[in-house]
1. Helix 76-110: angle to the longest alpha-carbon principal axis of the chain, degrees 0 to 90, nearest 10?
2. Whose amide H sits under 5 Å from the amide H of VAL61, counting only residues 5 or more places off or on another chain, with H placed in the peptide plane?
3. If you plug each phi of segment 43-53 into the Karplus form 6.51 cos²θ - 1.76 cosθ + 1.60 with θ = phi - 60°, what whole-Hz ³J(HN,Hα) values come out, in order, with x for Gly and Pro?
4. Based on the Kirkwood radius over alpha-carbon pairs, what is the Stokes-Einstein translational diffusion coefficient of the chain at 4 °C with 1.567 mPa s viscosity, in µm²/s?
5. Only four residue types carry charge here, +1 at the Cβ of Lys and Arg and -1 at the Cβ of Asp and Glu. Report the dipole size of segment 2-110 about the Cα centre in Debye, rounded to the nearest 20.
6. Tell me, what HN-Hα J-couplings in whole Hz come from the Karplus equation 6.51 cos²θ - 1.76 cosθ + 1.60 at θ = phi - 60° for each residue of segment 7-13, using x for Gly and Pro?
7. So between ALA13 and SER63, what do we pick up on full extension, going 0.36 nm a residue minus the alpha carbon distance?
8. Where does each of ARG68, ARG88 land when they are ranked from fewest to most other beta-carbon atoms within 10 angstrom?
Amino acid sequence: MPNQSPCLDLIFAALADPTRRAVVERLGGGPAPMSALARPFRMRLPSFAQHLDVLEGCGLVRSRKQGRVRTYRLAPRPLKAVDGWLARQRMLWNRRLDRLDETLKDLAENGP
């Protein structure tokens, strides 16, 4: 699915960073304000906000500002796209490995 490639590229690039993966995992438990999300990390809020901008830019999280507090929540649709891509890869490699297994068994039984 070539039209999904740019979206998947952005998602995988965002998830390549351990801080952003930790944020996604944390948001799996429910919405949280930026200050709560940033608390476990040793960085200033502007630096942490850049991580949230990357996650929001690829659609993995959404934010809402109420007064002075910006709350983030997980957006599941992009994760479903990643899951679909991974499922297709898993199926492809399982077929390839099954064919390799058949070939190796045939070679063991019948010789080269």
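Values in this text are rule-based calculations from the coordinates and carry no lab data. For clarity, every value in this text was computed on a predicted model and none was experimentally measured. Positions of Cβ are generated from backbone atoms using ideal geometry, with glycine treated the same way; all protein chains shown enter the neighbour counts.
1. Roughly 20 degrees between the two axes.
2. GLU56, ALA75
3. Each residue of segment 43-53 in turn: 7, 6, 4, x, 5, 5, 4, 5, 4, 5, 4 Hz.
4. Details: Rh = 16.5 Å.
Translational D for this selection: 78 µm²/s.
5. Details: 20 positive and 11 negative charges, 192 e Å.
Computed charge dipole of segment 2-110: roughly 920 debye.
6. Those phi angles translate into 5, 5, 4, 5, 5, 5, 5 Hz.
7. Details: separation 50, 0.36 × 50 = 18.00 nm, distance 1.98 nm.
Length gained, ALA13 through SER63: 16.0 nm.
8. Details: ARG68 6, ARG88 11.
By the 10 Å Cβ count, ascending, the order reads ARG68, ARG88.
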